[in-house]
Amino acid sequence: MTPRCALLGLVLVLAGGCAGVSSKTAAAAAAEAAFRPPAAAPGIALAAPVVPVVAAPVIPVAVPVVKPVEAPVEITEASFGCIRDLAPVRDFYVGNLAGDLEATLAAANGAGGGAWPVGSVVQLVPGEAMVKREPGFSAATGDWEFFQLDVHAGATQIAMRGTGQVTDAFGGNCVSCHSQAEAKWDMVCEAGHGCEPTGMTPMMAKALQNTDPRCGRLVLPAAQLRALSDHAAMRVAAARSAGR
Ligand code: HEC
């Protein structure tokens, strides 16, 4: 007899015979099938069509709402624009490239800190941004990607992007400062979260936001004009001391 037929023994009791097994009783074939080691498993697939098919009752099952697998956030130069088109929060601006601005605002305004949602964009000045990437993107930066941007009227160019290597216009490494923020603030520094200060005053940040060349022009109050020239002097001094 063929091994296939031996395996089929169990179902043959119902199905009524198999060429070559006639010398055995159906009960003996069934017993043999029951004790056959799992090595004979491939026969099971072949046996399948012989098993009488009983139509299973159709039970209505509520389809669970499956959260889609988080697709990587696609970030290009087109992802950035006039900083003032983002949502203002205290001294900085936020957005969400994954479309969940509400979650980003909740994180920005949460008194106790916590992780920022995927897609969050945070900008203090037009030329720098951090974007929260998908989980697993970069443990060392809390899944944040840092950007140094060149901004021009109507255009943004990504001068530098990444995790551990990105530096700002003063040559300072983004993550070396931002990782100083207490863990609960998820690398967002603000004033008082534990990061080394940059020397940029809130007035300078405001003036840079208000002179983003990608936005409409604003007339700046004298204090912001002064802050702009102080900031320019700071950049020159930083470049000199770095020998650039
Ligand atoms: C010398 C340390 C230092 C470096 C270098 C630095 N930052 Fe910051 N950054 C800060 C501090 C401190 C603040 C908070 C400023 C404030 O609100 O007074 C800040 C604020 C920000 C903010 C607003 C949200 C927040 O964390 O408060 C963004 C976005 C940001 N930085 C991005 C960058 C990026 C991108 C780079 C690199 C291209 C960079 N920073 C480099 C210290 C630094």
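Whether a residue is touching a helix residue (DSSP H, G or I) at 6+ places or on another chain (Cβ under 7 Å) and either closer than 25 Å to residue 201 by Cα or in contact (Cβ under 8 Å) with a residue 24 or more places away in the chain (or both) was assessed, and residue 158 passes this test.
Residues that are within 9 Å of the ligand (Cβ to nearest atom), over 15 Å from residue 92 (Cα atoms), without any contact (Cβ under 8 Å) to a residue 60 or more places away in the chain and surrounded by 14 or more Cβ atoms within 10 Å (Cβ to Cβ) do occur in the stretch 125-144, at least one of them.
Taking the stretch 181-212 as the range and being in the same structural domain as residue 88 (by TED's automatic domain parsing), away from the ligand (no atom under 12 Å from the Cβ) and of a type in the set (A, V, I, L, M) as the test, only 183 passes. Scanning the stretch 189-200 turns up no residue that is part of a helix (DSSP H, G or I) and either in contact with a Lys or Arg (Cβ under 9 Å, 6 or more places away or on another chain) or buried (at least 18 other Cβ atoms within 10 Å of the Cβ) (or both). Just a yes or no: is a residue in the stretch 95-106 touching a residue at least 60 places away in the same chain (Cβ under 8 Å) and either under 12 Å from the mean Cα position of the chain (by Cα) or within 12 Å of the ligand (Cβ to nearest atom) (or both)? Looking for residues that are touching a residue at least 60 places away in the same chain (Cβ under 8 Å) and either under 12 Å from the mean Cα position of the chain (by Cα) or within 12 Å of the ligand (Cβ to nearest atom) (or both), one finds none in the stretch 95-106, hence no.
Do we find that residue 215 is buried (at least 17 other Cβ atoms within 10 Å of the Cβ), near the ligand (Cβ under 8 Å from one of its atoms) and within 30 Å of the chain's Cα centre (by Cα) in this structure? No: the conditions fail for residue 215.
Cβ separations smaller than 6 Å between residues 6+ apart or across chains give the following pairs from the stretch 162-180 residues that are within 6 Å of the ligand (Cβ to nearest atom) to residues that are part of a strand (DSSP E or B) and among the aromatic types (Phe, Trp, Tyr): 166/146; 174/146.
The values are calculated or read from the model by the stated rules, or taken from the named source; none is laboratory data. What you are looking at is a predicted structure, and each value in this text was computed from that prediction instead of being measured. Virtual Cβ from ideal backbone geometry, glycine too; neighbours counted across all protein chains shown.
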